[in-house]
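Take a look at the structure set out below.
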Amino acid sequence: MDFKLPKTHILLQDLYRKFAQTEVKPLAREMDETETYSMELIKKMQKCGFFGIPYSKKYGGGGADVLAYVLCMEEMSKVDASTGITISVHTSLCCSCINEYGTEEQKQKFLRPLVDGHKVGCFSLTEPNAGSDASGQQTTAVRDGDHYVINGSKVFTTNSGFADTFIVFALTDKAAGTEGISAFIVDAKTPGITVSANIPRMGIRAASNCEVALQNVCVPAENRLRKEGEGFEIAMNALDGGRIGIGAQSVGIAQGALDEAIAYVKERKQFGRPIAAFQNTKFKIAELQTKIDAARLMVWRAALAKDAHEDYSALAAMCKLFASEVANDVTRACVQLFGGYGFSREYPVERMMRDAKITEIYEGTSEVMKMVISGSMKIR
Ligand code: COS
């Protein structure tokens, strides 16, 4: 057992960190204020290969692994959680469906442009009445010759405002429950797709997160992933991987806030000395760093299990459950360490506290994580 990163990964971590600090950090506040993600920044990240890290070079990806990907997620999320989720939904949710379930033709046609930096992907599962109960899909896909006609509406589809490729889940058999759900690769330009304006939100405000209406959207049958009825398994599998990314995002948000707080307490003077000099401050920081380190190790454990093709579903759920709670605890404590300035928008910790909340909700709420974990333990 080795808790140290391999040298290759230390170099990658350094690369992601430098990019995040120089290219992402300066834009984070303005992107949050304007609730708009910079397309120029996306292009830069695509050029650097950040949109295809764990995918094979055979398809134009980075040829690295999930461990490298979570290091990228942490570094980006340290400075901007919206950047974290933009990369995460593209990588863990959209690309993984095609990588793990697509045919060779589908990979060449759809995965390649996503991982080689030409296109952005999104994942349309959630509906107004199908959140935690993902099996409650109402969107339908009706076969018509060599096409399917999709009708329905999706909500909270991250990246949908600018994505080129959607993975859409829809019912091909209304009576078959989870076995009636199928997955389709859908070109964003297909007539009948309407994407709303960005949904106003509490955090990760720069990320694109919209409603997607699908009205008589004609999708070639060859764009269906696997057989009819395999969509629910595809979605659940993608979410298992996605949860490792959200764990890493949570660790990043927490570490980013703590780094800001540590710098601040060294400068801020009260009662004649820097507040860092008070034991209360030092002990609080020690406690927060310990929680972050524990969360990071859980994320790495889940990433290594996925890389080793072991069963990682419960490990992913555990790391997300724990790390998202840590992100919320740590950011709240960091705002407190900043005092009144922490509450002001002059410093980034209030944004980080707002951003942290969603990690306990998306890609499976904390309650769903407990369902997955206890399910794996077969408690009767
Ligand atoms: N990987 C692959 N397949 C899976 C799976 C997984 N992790 N979990 C379930 N499945 C498949 C199985 O095939 C299972 O059938 P079996 O009886 O053969 O095991 C089938 O799906 C149905 O599973 P289950 O009965 O557990 O489904 P439920 O409807 O009870 O759903 C939860 C279980 C709640 C865990 C699931 O709906 C879920 O994860 N919900 C949250 C969804 C979510 O994260 N939404 C956020 C979207 S991103 S914004």
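Just one of the listed residues (Ala197, Ala213) is part of a strand (DSSP E or B) and over 14 Å from the mean Cα position of the chain (by Cα), and it is Ala213. Every condition in (1) buried (at least 17 other Cβ atoms within 10 Å of the Cβ); (2) more than 16 Å from the ligand (Cβ to nearest atom); (3) assigned to a loop (DSSP other than H, G, I, E, B) is met by Tyr362 except one, and the failing one is (2).
Among the candidates Ala327, Ala261, Ala294, the residue that is touching a residue at least 60 places away in the same chain (Cβ under 8 Å), out of contact with any Leu (no Cβ under 9 Å at 6 or more places or on another chain) and not β-branched (Val, Ile, Thr) is uniquely Ala327.
For every residue, the table says whether it meets (1) among the aromatic types (Phe, Trp, Tyr); (2) modelled with pLDDT of 95 or more; (3) in a helix (DSSP H, G or I).
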| residue | (1), (2), (3) |
| --- | --- |
| Tyr148 | yes, yes, no |
| Gly152 | no, yes, no |
| Val168 | no, yes, no |
| Gly177 | no, no, yes |
| Ala183 | no, yes, no |
| Thr190 | no, yes, no |
| Ile204 | no, yes, no |
| Ala248 | no, yes, yes |
| Leu258 | no, yes, yes |
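With a requirement of 1 or more residues that are within 16 Å of the ligand (Cβ to nearest atom), the helices (runs of 4 or more DSSP H) lying completely within segment 38-136 that satisfy it span 66-79, 81-88, 96-101.
Check whether at least one residue in segment 151-171 is within 16 Å of the ligand (Cβ to nearest atom), closer than 17 Å to Gln215 by Cα, open to solvent by less than 10 Å² (accessible area, probe 1.4 Å) and of a type in the set (Ser, Thr, Tyr), and report yes or no. Yes, segment 151-171 contains at least one residue that is within 16 Å of the ligand (Cβ to nearest atom), closer than 17 Å to Gln215 by Cα, open to solvent by less than 10 Å² (accessible area, probe 1.4 Å) and of a type in the set (Ser, Thr, Tyr). Being over 17 Å from Thr91 (Cα atoms), within 14 Å of the ligand (Cβ to nearest atom) and open to solvent by 10 Å² or more (accessible area, probe 1.4 Å) is a property that does not hold for Val142. Can you find a residue that is of a type in the set (S, T, N, Q) and over 20 Å from Ile181 (Cβ atoms) anywhere in segment 216-232? Scanning segment 216-232 turns up no residue that is of a type in the set (S, T, N, Q) and over 20 Å from Ile181 (Cβ atoms). If I ask for residues that are open to solvent by less than 10 Å² (accessible area, probe 1.4 Å) and farther than 21 Å from Leu297 by Cα, which ones from segment 322-337 would you list? Once the filter is applied, which keeps residues that are open to solvent by less than 10 Å² (accessible area, probe 1.4 Å) and farther than 21 Å from Leu297 by Cα, segment 322-337 yields only Cys334.
Any idea which of Pro191, Pro200, Pro220 is open to solvent by 40 Å² or more (accessible area, probe 1.4 Å) and in contact with a His (Cβ under 9 Å, 6 or more places away or on another chain)?
Values: Pro191 fails: in contact with a His (Cβ under 9 Å, 6 or more places away or on another chain); Pro200 fails: in contact with a His (Cβ under 9 Å, 6 or more places away or on another chain).
Every option except Pro220 fails the conditions.
Conditions tested, residue by residue: (1) part of a helix (DSSP H, G or I); (2) away from the ligand (no atom under 16 Å from the Cβ).
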residue	(1), (2)
Asp311	no, no
Ala317	yes, no
Ser324	yes, no
Asp329	yes, yes
Val335	yes, yes
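The rows are residues; the columns are (1) within 16 Å of the ligand (Cβ to nearest atom); (2) farther than 29 Å from Ala308 by Cβ; (3) of a type in the set (Phe, Trp, Tyr); (4) out of contact with any helix residue (DSSP H, G or I) (no Cβ under 7 Å at 6 or more places or on another chain).
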| site | (1), (2), (3), (4) |
| --- | --- |
| Ala197 | no, yes, no, yes |
| Pro200 | no, yes, no, yes |
| Val217 | no, yes, no, yes |
| Glu230 | yes, no, no, yes |
| Asp240 | yes, no, no, no |
| Ile262 | no, yes, no, no |
| Gln270 | no, yes, no, yes |
| Ile275 | no, yes, no, no |
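Within segment 264-275, the set of residues being free of Cβ contacts under 8 Å to residues at least 12 places away in the same chain, assigned to a helix (DSSP H, G or I) and of a type outside the set (Lys, Arg) comprises Glu267 only.
Against the condition under 24 Å from Thr290 (Cα atoms), near the ligand (Cβ under 10 Å from one of its atoms) and not aromatic (Phe, Trp, Tyr), how does Met369 come out, does it pass? Even if it seems obvious, please write down each step before you answer.
Details: under 24 Å from Thr290 (Cα atoms): yes; near the ligand (Cβ under 10 Å from one of its atoms): yes; not aromatic (Phe, Trp, Tyr): yes.
Considered against the rule, which asks whether it is under 24 Å from Thr290 (Cα atoms), near the ligand (Cβ under 10 Å from one of its atoms) and not aromatic (Phe, Trp, Tyr), Met369 comes out as yes.
The values are calculated or read from the model by the stated rules, or taken from the named source; none is laboratory data. Quick caveat, the model's predicted, so the values are computed rather than measured. As a convention, Cβ positions derive from the backbone with ideal geometry for all residues, glycine included, and neighbour counts pool all protein chains shown. Calculation scope for accessible area: heavy atoms of the full protein, side chains included, ligands and nucleic acids excluded. Shrake-Rupley method; radii C 1.70, N 1.55, O 1.52, S 1.80 Å.
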